[in-house]
Amino acid sequence: MIVLGIETSCDETAAAIVRSGREILSSVVFSQIPLHQPYGGVVPEVASRSHVEKIGGVISDALTQANLPWSAIDAIAVTYGPGLASSLLVGLNAAKGLAVSLNRPLIGINHIEAHAYSPFLAPTAPPVEEAFPLLALVVSGGHSCLIEVNSLTDYHTIGQTLDDAAGEAFDKAAKLLDLGYPGGPAIDKAAAAATNPAAITFPQGRVQPDNPGLGTMDADLCASFSGLKTSLLYRLRENPPQSTADINAIAAAYQAAIVNALAERCQLALSRGHYRYLAVGGGVSLNRSLRQRLQQVAAHTNTPLLLAEPRLCGDNAAMIAGLAGAGGGITGLAALHLDATPSLPVGQPN
Ligand code: KG4
Ligand code: ZN
């Protein structure tokens, strides 16, 4: 099955064509980062306008790069949540229009589930159906969660950040440190240049068991990064950095707090469950220190680690077409009735 995937949940306009859920025939991503840079974060109105402008060209580029005619497309897959409502709507409406006019099925995809699937697009990854149950760590700008995946339609969130997601924590720190937007890559770079990364420590974001946001999740597998950001703010007020070296040291310590929190929770979850793989995706999984720490966790727990390829860590449509082609998502008439769902939870249709 050849699937055209469309993704517009945040600030990337993306289209991709994937065969049989595995083979990427094309993947086009138009990043809006320069548009949002002056504001230091994504401006929803600016994002949706840009999606409207770019979506047509991005989709036709995906066909051209795959060297395929419209008639070769067997299904259209699209992200319907979570994300920004006005951004999601652009991709969803384009996909519905294409599905109806080409007379092809529409498949509605959850963005977070697609990030969890993204490591399976690597040519060296095992077939996804042989990987269950697996533990997925999805770390992005809007979400950081640990998900038990029993099949492509059976997901169970066992831990998550209760306030700021990991990417958000990176972005906010970079703003405070004047390192620019997006913050993750800037902190990653500054931290790598630190000469004494252990000089400063930040709190690790533990969550108390009586936290009302936990629901059925275990406090030990959840994290809170808002306190981390506050302690950075206080540190900068009391002890303003005097040099690039000071900024690098702070960035390294801040990054270590996030990376350790994520790695420790993965390790705990892996030691408690019987998972065949640890699969990791989302923009923050580009972080070099996190990738290294997760290798250690994988070795320690004897769990093979599947990291998304760098080009598939950030938002892209290959993961959308891939998950759809592998059997995930909402299909049939129900898909045509899907609405953009900004707070779509993992594992639930709508
Ligand atoms: O998955 P993604 O592209 O978009 C969302 O679905 O949110 O993730 C974007 C996030 C941003 O917060 C960005 O700062 C972060 O990923 N990010 C990184 C790195 N590269 C991107 N965070 C840490 N280290 C990086 N190298
Ligand atoms: Zn994402």
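The values are calculated or read from the model by the stated rules, or taken from the named source; none is laboratory data. On a predicted model such as this, the values are computed, not experimentally measured, just so you know. Glycine also receives a Cβ, built like all others from the backbone with ideal geometry; neighbour counts cover every protein chain displayed. These area figures cover heavy atoms from the full protein model, side chains too; ligands, DNA and RNA do not enter into them. Shrake-Rupley method; radii C 1.70, N 1.55, O 1.52, S 1.80 Å.
Data overview
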{"quantity": "Positions within region 298-325 being within 11 Å of A122 (Cα to Cα), open to solvent by 30 Å² or more (accessible area, probe 1.4 Å) and of a type in the set (A, V, I, L, M, F, W, C), in sequence order", "calculated": "L307"}
{"quantity": "Residue within region 186-204 that is closer than 30 Å to P34 by Cβ and hydroxyl-bearing (S, T, Y) present", "calculated": "no"}
{"quantity": "Every residue from region 223-240 that is open to solvent by 20 Å² or more (accessible area, probe 1.4 Å), outside any helix (DSSP H, G or I) and either within 18 Å of G184 (Cα to Cα) or among the aliphatic types (A, V, I, L, M) (or both)", "calculated": "S224"}
{"quantity": "Test: residue in region 136-143 that is in contact with a helix residue (DSSP H, G or I) (Cβ under 8 Å, 6 or more places away or on another chain), away from ligand 1 (no atom under 16 Å from the Cβ) and open to solvent by less than 40 Å² (accessible area, probe 1.4 Å)", "calculated": "no"}
{"quantity": "Matching helices (runs of 4 or more DSSP H) fully within region 241-333 where at least 3 residues are under 24 Å from K189 (Cβ atoms) and under 21 Å from the mean Cα position of the chain (by Cα)", "calculated": "244-272, 288-301"}
{"quantity": "Single match in P119, P185 (criterion: open to solvent by 70 Å² or more (accessible area, probe 1.4 Å), within 16 Å of ligand 2 (Cβ to nearest atom) and part of a helix (DSSP H, G or I))", "calculated": "P185"}
{"quantity": "Members of region 1-21 found to be more than 19 Å from the chain's Cα centre (by Cα) and surrounded by fewer than 24 Cβ atoms within 10 Å (Cβ to Cβ), listed by number", "calculated": "M1, I2, R19, S20"}
